[in-house]
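Here is the structure we will look at.
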Ligand SMILES: [Fe+2]
Ligand SMILES: [Fe+2]
């Protein structure tokens, strides 16, 4: 692998590790609030969180294997994730699932771009992300099936979440997500 591609693979493992940490914080905050307000959601959210903990561990290992360090903006993922999780939960179960749907959709989109880029460059990371993406799809399906309705508020909230997640991804990779899309467009 050429040095520039090696660096990109590290950035992919790094942003995914940070993103999984953000997801842990989202679900952690939702579970904490649900214990008080919506206890029936504690179990399904805890199951999603357990997946994110395992994904986070796997991306951390992938990062170490490539001599990469965790993202310097972890505090942003941590704080942003927790606030997003807590706020979404205060407005009831539907908004929890709207939040999950928006986060998982954005994640899915980024993982698909990464897979395309990695397939000819880093087979191990490609295989890892393939397996994780399958579980993320399960999270997305669950959110879509549990969500009861859409309206102007849920649409606006979903759009805000998608934009925020994409912005933090972009910031955490120093624009790597855009560069990757340009690479793919150039190769097409
Ligand atoms: Fe995950
Ligand atoms: Fe997920």
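The numbers here are math on the coordinates, done by the rules we state, and not lab data. Everything numeric here is computed off the predicted structure, so don't read it as measured data. Heads up, the Cβs are rebuilt from the backbone with ideal geometry, glycines too, and the neighbour counts pull from every protein chain shown.
Helical runs assigned H by DSSP (4 residues or longer) give the chain a calculated mean residue ellipticity at 222 nm of -29500 deg cm²/dmol, each run adding -39500 (n - 2.57) before division by the residue total. Spin-label pair residue 145-residue 50: with each label point 7 Å from Cα along the Cα-Cβ axis, the two points sit 1.7 nm from one another. Helix 93-118 axis versus longest C-alpha principal axis of the chain: approximately 10°, rounded to the nearest ten. In the chain, the longest principal axis of the Cα atoms and the axis of helix 176-187 are about 50 degrees apart. Ordered by the number of other Cβ atoms lying within 10 Å of each residue's own Cβ, fewest first, 21, 75 fall into the sequence 75, 21. Normalised by the number of residues in the range 102-169, the average gap of Cα pairs under 8 Å and 6 or more apart makes the relative contact order 54 percent.
Output the relative contact order of the chain, whole-number percent, from Cα pairs under 8 angstrom with separation of 6+ residues.
28
With Cα atoms defining each centre, the range 4-32 and the range 45-124 are spaced 5 Å apart in the structure. Among 82, 77, 97, 170, the order by Cβ neighbours within 10 angstrom, fewest to most, reads 170, 82, 97, 77. By the Cα gyration tensor, the range 3-176 has an equivalent ellipsoid whose semi-axes, rounded to whole angstrom, run 28, 15, 15 from largest to smallest.
For a quick check: sort 59, 157, 91 by the number of other beta carbons within 10 angstrom, fewest at the front.
Taking fewest neighbouring Cβ atoms as first place, the list is 91, 157, 59.
Pairing the Cα long axis of helix 74-90 with the longest principal axis of the chain, what angle in degrees results, from 0 to 90 and rounded to the nearest 10? Helix 74-90 sits at roughly 30 degrees to that axis.
Between the beta carbons of residue 43 and residue 112, assuming R0 = 30 Å, the FRET efficiency works out to 0.55 to the nearest 0.05. Here the extension length gained between residue 156 and residue 4 equals 50.9 nm, from 0.36 nm per residue of separation less the Cα-Cα distance.
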